[in-house]
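The values are calculated or read from the model by the stated rules, or taken from the named source; none is laboratory data. Since this is a predicted model, take the numbers as computed values, not measurements. Positions of Cβ are backbone-derived with ideal geometry, glycine not excepted, and every protein chain shown enters the neighbour counts. SASA here: full protein model, heavy atoms, side chains in, ligands and nucleic acids out. Shrake-Rupley method; radii C 1.70, N 1.55, O 1.52, S 1.80 Å.
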Amino acid sequence: MLRITTEKKKGKVVLTVEGRLAGPWVGTLEQSWRDARAGAGNEKLSVNLCGVSFIDPAGRTLLKEIHHQGGQLVAEGCLNQAIIREIGAESGKKRGDGGEGEPGNG
């Protein structure tokens with residue numbers, strides 16, 4: 001089971017995710033992310049993963065895409081924090097390799 005709550009807080013849209021980010025629930029988060037992006041305008045987007053108990057490979061792939069699209073990923077717990085650090089490190093390497101990094105990302 002997966003529960004996603006969307007809140008607007010001080011110029012920021014926060015998606016709070018609770019449960020297992022696996023199987024068909026990955027598509028549910030993807031749709032929620034798309035909806036939030038469409039309605040956010042200039043507001044920053046954040047995905048709070050503190051209540052997530054498990055992330056499968058498809059979930060990791062989606063989180064990488066969310067991060068790539070500018071979403072801030074927030075996590076607690078050793079495993080989820082390690083996943084977020086890994087995603088950030090991979091993203092940083094990709095930006096540094098091509099020499100054509102996006103302005104303001106560094």
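List of remarks:
- Residue list for region 64-83, filter: more than 22 Å from Gly11 (Cα to Cα) and buried (at least 19 other Cβ atoms within 10 Å of the Cβ): Asn80, Ile83
- For region 23-59, a residue qualifies if it is more than 14 Å from Thr6 (Cα to Cα) and charged (D, E, K, R), and exactly one does: Asp56.
- Residue match in region 30-47 (condition: open to solvent by less than 40 Å² (accessible area, probe 1.4 Å) and either without any contact (Cβ under 8 Å) to a residue 12 or more places away in the chain or of a type in the set (S, T, N, Q) (or both)): yes
- Residue that is farthest from Leu73 (Cα to Cα), among those in region 9-34 that are of a type in the set (D, E, K, R) and out of contact with any strand residue (DSSP E or B) (no Cβ under 8 Å at 6 or more places or on another chain): Lys10
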